[in-house]
Amino acid sequence: MWFEILPGAVIITTLLSVPIYAMYGLDKLTIGNAFRRNMDERFSRVMYQRDFRLTNNPYQMNGLEQIPDEEQKKDEKDPNEDYDVGDDPALLKKRLKERKLKEKQLKEEEKQKEKLREKQLKEEEKQKKN
């Protein structure tokens with residue numbers, strides 16, 4: 001009769017549902033979150049990449065507070081920084097040397113200004129004594 005197919009149907013349904021429910025535990029173990037994000041559409045992939053870029057965790061809720069303001073970006077970005085160097089170690093070393101040289105020049109200029117101030121103060125003291 002028709003009910004003779006029920007044991008086979010239950011077995012097949014059970015075996016086909018095992019991977020679906022097993023993924024809950026596997027995802028929890030491997031990525032630390034029980035649910036994967038859907039990557040079928042381009043928009044979903046872009047949002048995944050955005051969330052990962054902002055918080056290094058694509059499963060953490062992100063709001064507008066996570067996106068830095070334009071003013072903060074300008075302050076953080078070095079105007080002399082060249083992001084087109086890629087992975088070329090020679091260019092990276094060159095940029096690093098240039099940055100260190102500029103910092104050294106700035107320090108020397110500050111020392112010279114400080115020496116000039118000290119000289120001016122000494123001259124003012126001599127004038128006051130006379």
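Please build a GNM for the chain, connecting alpha carbons under 10 Å apart, and tell me which residue among GLU118, GLU70, GLU41 fluctuates the most.
Answer for the Gaussian network model of the chain: GLU118.
When the chain is treated as a GNM, springs tying every alpha-carbon pair under 10 Å, which of LYS28, LYS93, LYS115 comes out with the largest mean-square fluctuation?
Most flexible of the set in this elastic network: LYS115.
Round to the nearest 10 and report in Å² the accessible area of ASP51, as given by a 1.4 Å probe over the protein chains' heavy atoms.
Approximately 10 Å² for this residue.
Just check the chain against the gyration tensor rule for me: Cα atoms, a ≥ b ≥ c as the square roots of the eigenvalues, rounded for a/c under 1.5, and otherwise prolate or oblate depending on whether a/b exceeds b/c.
Prolate.
In terms of solvent-accessible area of protein heavy atoms at a 1.4 angstrom probe, what is the ranking of ILE31, ILE5, highest value first?
ILE5, ILE31
At a 1.4 Å probe, what is the % contribution of carbon and sulfur to the accessible area of the chain?
After summing per-atom areas, the C and S share lands at 56 percent.
The values are calculated or read from the model by the stated rules, or taken from the named source; none is laboratory data. This one's a predicted model, so the numbers in the text were calculated from it and none came from an experiment. In case anyone asks, the SASA skips ligands and DNA or RNA and just uses the protein heavy atoms, side chains included. Shrake-Rupley method; radii C 1.70, N 1.55, O 1.52, S 1.80 Å.
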